[in-house]
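The next block holds one structure in the form of structure tokens; read it before the comments.
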Amino acid sequence: MAKLTQAITKDFLDDILPPYGTPARQLRPVWDSSQKMFIFDEYESQSGNHYYRGIRFCDRIAIVEKVGMYYQWTYIDALELYAFNGRQLQLIQKRDFGKEFHDADKIRGVTEEMVTDFLKGMLKMSRISMPEEKVKEQAKGLVNLCYRDFNDGGYPPRLMQIIPAIEQH
């Protein structure tokens, strides 16, 4: 308990939860446990609408949700799927939604379809045959890895090295 007390000092709290009117000292993504994703680039438009990028990732792919909040509604504007090329991100799939209502289950399903489509295309280009069910199983497994809870002990700490690459993109 003493270590926790030492870790949560006034300076630490001021850094992560600054008092009203005080700007945050460090730019950082915020982990949203309810959505199981990091929130980046949140801003408010001149018309009062809120926008942000929600990002989930594992060691092979990154999923970016572009989200808008208008009045009492949350919309999905776009979904982007990235692969890693070394330490850089490479866009491999993108879907625009045209301000559809945000439906978490639908977004997860569309993400699985996008990963499946990417894998099928790469298999075809490589002239490798694989049963479609096996491809879907692989895609679902990759997406499931991206939906892990960051606060769970099973989240590999080395994956935090990915965040700077995502922030720059």
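Quick check: anything in the stretch 72-79 surrounded by fewer than 18 Cβ atoms within 10 Å (Cβ to Cβ), more than 28 Å from GLN161 (Cβ to Cβ) and out of contact with any strand residue (DSSP E or B) (no Cβ under 7 Å at 6 or more places or on another chain)? Yes, the conditions are met somewhere in the stretch 72-79. Taken together, the residues in the stretch 142-164 that are open to solvent by 90 Å² or more (accessible area, probe 1.4 Å), in a loop (DSSP other than H, G, I, E, B) and out of contact with any Ser or Thr (no Cβ under 7 Å at 6 or more places or on another chain) amount to 1. Do we have any residue at all in the stretch 120-141 that's in contact (Cβ under 8 Å) with a residue 24 or more places away in the chain, within 30 Å of ASN49 (Cβ to Cβ) and open to solvent by less than 60 Å² (accessible area, probe 1.4 Å)? There is no residue in the stretch 120-141 that is in contact (Cβ under 8 Å) with a residue 24 or more places away in the chain, within 30 Å of ASN49 (Cβ to Cβ) and open to solvent by less than 60 Å² (accessible area, probe 1.4 Å). Number of residues in the stretch 80-117 that are of a type in the set (Gly, Ala, Ser) and surrounded by 15 or more Cβ atoms within 10 Å (Cβ to Cβ) equals 1. Among the residues making up the stretch 22-71, those that are part of a loop (DSSP other than H, G, I, E, B), open to solvent by less than 80 Å² (accessible area, probe 1.4 Å) and not polar (S, T, N, Q) are ALA24, PRO29, LYS36, GLY48, CYS58, ASP59. Taken over the stretch 24-45, the criterion of being more than 13 Å from the chain's Cα centre (by Cα), at pLDDT 80 or above and polar (S, T, N, Q) is satisfied by SER45 alone.
Take GLY68 and decide whether it is under 16 Å from the mean Cα position of the chain (by Cα), under 24 Å from PHE150 (Cβ atoms) and free of Cβ contacts under 8 Å to residues at least 24 places away in the same chain. Give the derivation first.
On the way: under 16 Å from the mean Cα position of the chain (by Cα): yes; under 24 Å from PHE150 (Cβ atoms): yes; free of Cβ contacts under 8 Å to residues at least 24 places away in the same chain: no.
Spelling it out, it is not the case that GLY68 is under 16 Å from the mean Cα position of the chain (by Cα), under 24 Å from PHE150 (Cβ atoms) and free of Cβ contacts under 8 Å to residues at least 24 places away in the same chain.
Of everything listed in (1) modelled with pLDDT of 95 or more; (2) open to solvent by 30 Å² or more (accessible area, probe 1.4 Å), the single unmet condition for HIS169 is (1).
The values are calculated or read from the model by the stated rules, or taken from the named source; none is laboratory data. All values reported here derive from a predicted model rather than from experimental measurement. Virtual Cβ from ideal backbone geometry, glycine too; neighbours counted across all protein chains shown. Only protein heavy atoms, including side chains, enter the accessible area calculation; ligands, DNA and RNA are left aside. Shrake-Rupley method; radii C 1.70, N 1.55, O 1.52, S 1.80 Å.
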